[in-house]
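Every read-out reported here was derived from the displayed coordinates using simple, explicitly stated rules and does not represent laboratory data. Computed from a prediction, not measured in an experiment: that's the story for all the values here. Glycine also receives a Cβ, built like all others from the backbone with ideal geometry; neighbour counts cover every protein chain displayed.
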Amino acid sequence: MRPIRIALVGAGWVTEHHLAAYREMGNAVAVEAIADPDTKVLAERANRWGVPQKFASEAEMLASVDVDAVDVANPRQHHTNSIRLAARKGLAVICQKPLAPTLQEARDLVDELAPDVRLMVHENWRYRPHYLKMRNWIEEGRIGSVRQVLMLARTSGMIQNSDGQFPALQRQPMLADLDRMLLMEVMIHHVDALRSVLGDMTLLGAVSGTDSAVVRGEDRASLLFSANGAAVSVIGDFRTHGAPGGLQDELHIQGTLGGITLFKDQLRLLSGNRIVKEEQVDLVADYSASYYGMIAHFLDAVLKGDPATFRKQVEDNLKTLELIEQAYAFSEPQPPRPQVE
């Protein structure tokens, strides 16, 4: 059987993880072409990963290559145009989150697509192995009914370091120019991962704000959800003193019979004061595995060809996007506070 042929739209930092996942799949998939208007970045990505064809635009690429699917990984403001172009050619599409800059744009796009259009949103965090394990423990009844949940997503990435740099912007410079930064770009992952573990959630309140002079969008946000009667608090902060320069997640799930904690690289299943199970998590490997898991799910659906599988995934992802949109409506970010960096 010939490999599934992929055309990749975008050559930004996230595509390094996409291409690594495709390579790990071996002969089952072939990335035939990549398009990006930045010729320097385009050449680096194509040469590093052995992508045979390079194009300055996706329109030129899709008019020139014969592929089965399109992987959209360009900036969010271009997603809807990229999806429409691929859909008109009858190609399956996987698009990086968020599907569109706003819920309304995403909803309008999905509603206008024909029923047989095969579209998925690339939301990979729920495929991190440690989140899958948490979900299994809960489904097995290991902690009883969930009572309370606390998720902390914190970094000092927007605090200037001794070199005069902002670690978060060194890794992802594009964060500086996003009007919707922390919630739409980062915490959307945490909300989706929690939905995959806990089930549907209802947003009860949100507060967000901006204290960094170097970014346009919010750099802190606190969200309160209800999930089947449990209180779920999610706190994100890019200016946490004492936190590492890279994002570090901490999760505490309390149930009627036990609990689950993720702290640094330690995952624990608890009962009373007893550690029932303790595992060290390879966070780097888990991050890579999440890309592989999401892309593998997409490619499996491409092979099976059932449009209902695609529509189900998109509709589920829109529920996550709706929660993020509601968080913005609850609390518009406040103006930056005066500070000295």
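In the chain, the DSSP beta bridges split such that about 60 percent are antiparallel, to the nearest 5. The H on the amide N of Lys277, modeled in the peptide plane, is under 5 Å from the matching H of Leu269, each at least 5 residues off or on a different chain. Averaging the Cα positions of each part gives two centres, and for region 262-284 and region 14-82 these lie 38 Å apart. Ordering of 117-128, 246-257, 65-76 by packing is 117-128, 65-76, 246-257, highest average first (other Cβ atoms within 10 Å, averaged per residue).
If I compute Cα extents along the principal axes in Å from the structure I just sent, which labelled value in (i) 60, 51, 37; (ii) 66, 39, 36; (iii) 66, 47, 40 lines up? The value matching this structure is (i).
From largest to smallest, the equivalent ellipsoid semi-axes obtained for region 29-173 from the alpha-carbon gyration tensor read 32, 25, 16 Å.
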